[in-house]
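So the structure is just underneath, and the comments pick up after that.
The values are calculated or read from the model by the stated rules, or taken from the named source; none is laboratory data. Since the model is a prediction, treat every value here as computed from it, not as a measurement. With ideal geometry, Cβ positions are generated from the backbone for all residues, glycine too; neighbour counts draw on all protein chains shown. Ligands, DNA and RNA are stripped out before the accessible areas are found, and what is left, the full protein with its side chains, is counted by its heavy atoms. Shrake-Rupley method; radii C 1.70, N 1.55, O 1.52, S 1.80 Å.
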Amino acid sequence: MTDKRNLQPQQQQLQAEKTVETGHASPVRQQAQAHYAAGVKCPKCGTLNTADSQFCSSCGASLRQALCPNCGSEVDADADFCEVCHHYIKRDVCSFCGGHIDETDDYCPECGSPRGGIVCPTCHTLNEFSFCKQCGRPLTEDARQLMSRVKESPQYKEMMALAREYNDLQMELPYNGEQDRQRDKELARLRERVLRLLAEDDGEDAPVVVPRQRQRATSEELEAKKRDKLERLARMLDQMSAAPDPSPAKVRNYAMAQKPAGVRLAWRCNYKNALHSSPCGCAKPQLGGKWVVLGHHSNQDIKDDK
């Protein structure tokens with residue numbers, strides 16, 4: 001007597017073969033075929049990948065590529081800026097505020113900014129974003145309000161104080177020898193005498209002249225002070241790094257509003273870990289990034305300055 005349990009797998013196999021012969025795919029196979037039919041074709045090798053694939057399963061090439069409408073270069077599909085020709089490329093998103101804008105709109109219906117850009121009244125640079133990429137001036141009312149709020153934060157005030165102290169050190173001249181020290185002493189005595197005579201002319205009997213607080217330093221001492229200021233400033237910039245955000249406009253605007261003046265900086269993006277003169281030169285600032293201190297003698301390459 002034949003065991004029915006042993007026949008069951010054989011029957012399943014026969015049924016599968018019959019399905020293939022009759023041209024009717026199983027539900028599982030149909031689902032897989034549909035998944036690949038709606039998938040993404042690799043632009044490099046032609047392999048068809050599933051719809052949610054980020055990279056080609058055959059050659060590893062990125063599947064999320066588009067072409068810049070301005071210069072034809074390959075860009076990521078979710079990039080809004082071409083790093084080759086340096087143009088904003090999203091036609092349906094306002095570059096100033098991130099709001100929706102129709103193809104036929106000359107001005108953003110949300111912030112009122114013109115599609116063609118704004119000329120900076122200070123340096124006359126044409127800009128596609130809310131802050132001037134050349135001098136950092138806010139160009140829209142929203143940008144001005146954002147900068148005012150950032151400037152009121154204690155962290156920004158401390159950072160600007162450090163930047164001013166560093167800038168003052170840049171203007172100082174170090175001692176170059178004993179002759180400089182003697183000249184400084186003579187100038188200090190002359191200063192004291194002049195101030196004393198002026199005070200006596202004003203009627204003071206025993207005027208007290210306060211000596212200068214700042215003393216000149218040697219080259220080594222001056223460089224050590226500069227390094228200390230830059231290191232402290234770098235730590236503060238790390239703390240104020242721009243977090244990832246779905247809106248590239250918000251990240252650009254926040255980063256530009258917090259940029260301290262008086263120090264040579266670059267924007268290090270999280271997208272490619274590249275240095276840009278500002279987040280305005282990054283294709284995907286929505287991934288976040290931070291300002292880094294370059295100093296006055298840095299030879300690090302800035303990507304969009306080339």
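Brief remarks on what is shown
- Separation of the Cys135 and Leu294 label points, Cα + 7 Å toward Cβ, nm: 2.0 nm
- Counting 0.36 nm for each residue step from His86 to Arg189 and taking away their Cα separation leaves a gain of 31.3 nm.
- Using 0.36 nm per residue and subtracting the Cα-Cα separation, the extra length available between Asp205 and Val119 on full extension is 24.9 nm.
- Protein heavy-atom surface of the stretch 77-184, 1.4 angstrom probe: 49% of the accessible area is carbon and sulfur, with nucleic acids and ligands not counted.
- Stretch gain in nm, segment Asn176-Ala66, where the contour uses 0.36 nm per residue and the Cα spacing is subtracted: 33.7 nm
- Taking a ≥ b ≥ c as the square roots of the eigenvalues of the Cα gyration tensor, the stretch 89-234 is prolate, since a/c reaches 1.5 or more and a/b is larger than b/c.
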